[in-house]
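The structure under discussion appears below in the form of structure tokens.
All of the numbers you see were taken from the coordinates with simple rules; none came from a lab. This is a predicted model, so every value here is computed, not measured. Backbone-built Cβ (ideal geometry, glycine too); neighbour counts: all protein chains shown.
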Amino acid sequence: LKVGVLISGRGSNLAALIEAARAADYPAEIACVVSNRADAPGLEIAAAAGIPTAIVSHRDHPDRETFDRAVSAELERHGSGLVVLAGFMRIFSPWFPARWANRLINIHPSLLPAFKGMHVQRQALDAGVRLSGCTAHLVIPDLDSGPIIAQAAVPVLAGDTEETLSARILRQEHRLYPLVVRWFAEGRVNIAGNKVTVEGVAC
Ligand code: GRF
């Protein structure tokens, strides 16, 4: 399976996917990385791994859908069959999730549906929850609301700051996201309405 990854920044999830895809038995290949920001550090991670990169700036496009179509054209040019959002910070027009319906995934650093939007680790600390984590989900037009594919939980510890909690969650993201991409590549992800099941995975 050819995977297109969309980033806006750091690219640590991208790095985890690249690392996973190095294994001979990994069934997916990172075919291209598209960033909406020219200064995204993740672009260098991709280039160092020999992966084609493209910058599609929202500033060069008059509206969201035109931008979305330009991003999509890059993904298509490299034969992407799955689009993976990895710290991509632009909101799509409805066109993009429709174009890539059931083949567009995101990872979010909370246990959805709790804590949508920005600064979600801060939201978790402020709410006093004892568990948080990350959620891999299908992307639909509503932000952070698509069908859940998989989650990983971490404890919230006394004395946690946004930084310590984020780091604990991020370690799980780096484990979970390559696994989810593997499931797609193996054709084990079944989508029925808003319920996702994965063959061979009990929960
Ligand atoms: C991660 O926390 C991810 O959950 C969120 O954006 C962040 C991206 O980090 N969607 P990175 O660019 O992959 O390091």
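Annotations for the structure displayed:
- Residues that are more than 16 Å from the ligand (Cβ to nearest atom) and closer than 14 Å to residue 5 by Cα within segment 69-95 comprise 71, 72, 73, 74, 75, 76, 77, 78, 79, 80, 81, 82, listed in sequence order.
- Any chance residue 64 is among the charged types (D, E, K, R), surrounded by 15 or more Cβ atoms within 10 Å (Cβ to Cβ) and on the phi < 0 side of the Ramachandran plot: yes
- In segment 21-31, the count of residues that are farther than 18 Å from residue 175 by Cα and within 16 Å of the ligand (Cβ to nearest atom) is zero.
- When we screen 202, 185 for residues that are loosely packed, with under 15 Cβ neighbours inside 10 Å and over 20 Å from residue 11 (Cβ atoms), the only hit is 202.
- Beta carbons closer than 8 Å, at least 6 apart along the sequence or on distinct chains, pair a first residue in segment 156-170 that is under 12 Å from residue 133 (Cβ atoms) and hydroxyl-bearing (Ser, Thr, Tyr) with a second that is outside any helix (DSSP H, G or I) and within 14 Å of the ligand (Cβ to nearest atom) for 166/109.
- Complete set of residues in segment 43-100 that are farther than 22 Å from residue 13 by Cα and aliphatic (A, V, I, L, M): 70, 73, 98
- Of the residues examined, residue 37 is one that is within 13 Å of the ligand (Cβ to nearest atom) and either aliphatic (A, V, I, L, M) or farther than 17 Å from residue 93 by Cα (or both).
- Residue tally, condition assigned to a helix (DSSP H, G or I) and either crowded, with 24+ Cβ neighbours inside 10 Å or not β-branched (Val, Ile, Thr) (or both), over segment 1-50: 15
- Any hit, segment 116-125, residues being within 11 Å of the ligand (Cβ to nearest atom), without any contact (Cβ under 8 Å) to a residue 12 or more places away in the chain and under 26 Å from residue 58 (Cβ atoms): yes
- Filter result for residue 124 (surrounded by 18 or more Cβ atoms within 10 Å (Cβ to Cβ), under 26 Å from residue 29 (Cα atoms) and small (Gly, Ala, Ser)): no
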